[in-house]
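The values are calculated or read from the model by the stated rules, or taken from the named source; none is laboratory data. Note that the structure is predicted; figures quoted are calculated from it, not measured. Reconstructed Cβ throughout: ideal geometry from the backbone, glycine too, with neighbour counts over all protein chains shown. Heavy atoms of the whole protein, side chains included, go into the accessibility calculation; ligands, DNA and RNA do not. Shrake-Rupley method; radii C 1.70, N 1.55, O 1.52, S 1.80 Å.
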Amino acid sequence: MFLHVALTTGSALCIACAAVVLRDWIMWDRAVPCAVGAPAALVSAGVAGSDSLEDVESAQRLLNALAANPSIRSAVILRPDGSVFAQIGHDKQSPRVGFSPEQWGSSYDRGDLVYHQPITFNGQVLGSVYLRYSLSYAHGQMLQNVLIIAAVMSVCFAAALIVSRRFQDSLLRPIRELQQTAKAVSDRRDYSVRAKKLSDDEIGALADVFNNMLEEIQYHDVALKQSRAKLQQRVAERTMELANANKGLKKEIAERKIAQEELRQAKEAAETATIAKSEFLANMSHEIRTPMTAILGFAENIIDPDFTEDERHRAVDTILRNGEHLLEIINGILDLSKIEAGICDVERVKCNPNKIIVDICSLMQVRAEEKGLALSVQFDGPIPETIESDPTRIGQILVNLIGNAIKFTETGSVKLIARLVGGRAQEYRLEIDIVDTGIGMSEEHISRIFHAFTQGDASMTRRFGGTGLGLSMSKRLAEMLGGNISVSSELGSGSTFKFSVSTGPLDNVKMLSRPITTVALANRELVTEHSPLLNCRVLLVEDGPDNQKLIGHILRKAGAQVEIAENGQVAVDRIICDESESDPQESAAAVDIILMDMQMPVMDGYEATTILRRNGYTKPIVALTAHAMTGDREKCIDAGCDDYVTKPIKRRTLIETVQEHLHRRSLAPSE
């Protein structure tokens, strides 16, 4: 490669130097005649100025002026007849040219340049000037230029060789590296070899491309080996499969039989589920229609003019009792649906298990006494004063378990036994046994009672009623509380339901060795004439005429003035009666609180509440809604409501809620 660089550089320099010499030669060839012609023209002009060739002395002085130029060998002024008029020259020889016009101009003679020019005046030829110019000086200058150019060419050639020698390693080393890598790959078939990238120029980019190519080849080589191995494995497997064809066929037949059996079982399960669904719908129809029949029937009896006042009171009591029962059924279905949907939450707060147990048993005492049963509480050892759990869910489970025990027990008693179990390596749990002397259950019945919508059998449903939701929901709630529910029973000898919940850490928790076990008769909450009185003006936003009458009657009886708005738009127009007023509080000064139904035509309660809050209304707004699912309360509060009351409306709850917000309003600092 170095030789190639030297030849290329030398050739280029030689061509360049030849071009320069040629250019100088051409320029010299053109310049010398001009340089000789100028003195000749000067002499010709000087002689012509004297009008004749008579003044020899003046002509001689002109020629002597040319003698200062060493390159002029001789200069002669000729008369028209060819005789010499004046002459200078080193050799003092006469010119070898006559006075012939054909000889005028420049020519070369014996290595000199000869220049012959006529002398004219007013168009008359007076004579001629003859100059012999030596070219030795010009040739010396040309030779000197050639030598200088040759010296420059040599220096440039040497510099080019030095520079090329210096940079050829940086150019050739990456190429040699690529060559060695390619040779290694070719010789050993080793595609894991990589070329070293020694620069970031085009050769470095070539190294990257080469390495990428090797990676691609390596990837395909590995894939090819893997494919070959898989192919060999598949061939071996296929050979084994073919060798065991009979065995595989038998296995397939057996699997088909198993699949057919599973399909049959799935079909039976689907049919069972369909039957259970039909039974549940029939059961729900019965459970809902039974209290509805009583409600509608006694409601008609109330308007009968022949009914006495005492009969009307009993009818109202029956309607209330069946309405509460119907509400329990609906709440049970909603609770189970929330649990199955995974949106039912449990709390972890400190609560008193002794108080929960006694309060629930006190509540269930009424049902037990109606059937003539003894309901008792017993504590087996000390229990903690407080645990971390959800008191509401514990109460809900106990109500279901004790209610079932009372429902399926005709004679005898129902006993609740509580104890603390666990400790040391095990987590503490509060365990409660509900023991009854009822009808008991068979093993088949026990296996199904914790399924949703299922009781022991259809005859029990017809005899005792119920939705079959309580135990399923209670078991799931117990598991969410870190415990469980199990049952042991013998047909005709009663049942024992064992319910447990996690207590959480019991460090520094006081243990009660003698907890309260007395169960007092639960005082049923009645709304009487002693209910709290209201002294306010209420805007009731409700689209249902019957609810308008009912809620309006409750509020008026409690002492409130009630104004009705049938939808949210009417309420907004009533409160913001004049958009030009700067303070919307002044336009609604007569309204102390708004009871807002959230589901209405034209404009619902959410939008109406949002508009009122956006326009500066700050007085209390309480939501009235039949939506009781998880998240409904938060949705109402987010819309701007201060509180949330669910339907069906309970009189005392409604009045106390209104009174509470009016009291808060009165205690708040004036705006």
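If you take the beta carbon distance between Arg348 and Glu660 as r and set R0 to 22 Å, what does 1/(1 + (r/R0)^6) give as a FRET efficiency, to the nearest 0.05? Write out the running numbers ahead of the final one.
Working: r = 27 Å, r/R0 = 1.23.
The value I calculate is 0.20.
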Exercise. Could you name the lysines whose alpha carbon sits less than 20 Å from that of Lys619, not counting residues in the same chain fewer than 8 places away?
Key: Lys635
Quiz prompt | Segment Lys247-Phe307, length gained on full extension (0.36 nm per residue, minus Cα span) | solution = 13.0 nm
Self-check item: Estimated distance in nm for a label pair at Thr239 and Met511, the labels positioned 7 Å out from Cα along Cα-to-Cβ
Solution: 7.3 nm
Quiz prompt | Qualifying lysines (Cα of each under 17 Å from Cα of Lys650; at least 8 residues distant if same chain) | solution = Lys549, Lys557
Exercise. Towards the positive end of the charge dipole of segment 588-662, with charges on Cβ (+1 Lys, Arg; -1 Asp, Glu), say which of Ile611, Gly640, Ala626 has the farthest Cα.
Key: Ala626
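What FRET efficiency do you get for Ile288 and Gln599 if R0 is 22 Å and r is their Cβ-Cβ distance, rounded to the nearest 0.05? Don't jump to the answer; show the numbers that get you there.
Working: r = 22 Å, r/R0 = 0.99.
E(calc), rounded to 0.05, equals 0.50.
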Practice problem: With label points built 7 Å along Cα→Cβ from the Cα atoms of Gln561 and Ser442, find their separation and express it in nm. | Solution: 7.0 nm
Quiz item: Which net charge results when you count Lys and Arg as +1 and Asp and Glu as -1 among the other residues whose beta-carbon is under 11 Å from that of Glu660?
Solution: -1
Quiz item: For the pair Asn484 and Asn615, how long in nm is the line joining their label points, each one 7 Å along Cα→Cβ?
Solution: 6.0 nm
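Quick check for you: with a 1.4 Å probe and neighbouring chains kept, what is the accessible area per residue of segment 194-275, in Å²? Walk me through the numbers on the way to the answer.
Working: 7040 Å² over 82 residues.
Ligands and nucleic acids excluded, the result is 86 Å² per residue.
With a cap of 16 neighbouring Cβ atoms within 10 Å, and only residues DSSP puts in a loop, list the GluC sites (Glu not before Pro) found in segment 340-414.
On the way: sites: Glu340, Glu347, Glu369, Glu370, Glu385, Glu388, Glu410; in loops: Glu347, Glu385, Glu410.
The qualifying sites are Glu347, Glu385, Glu410.
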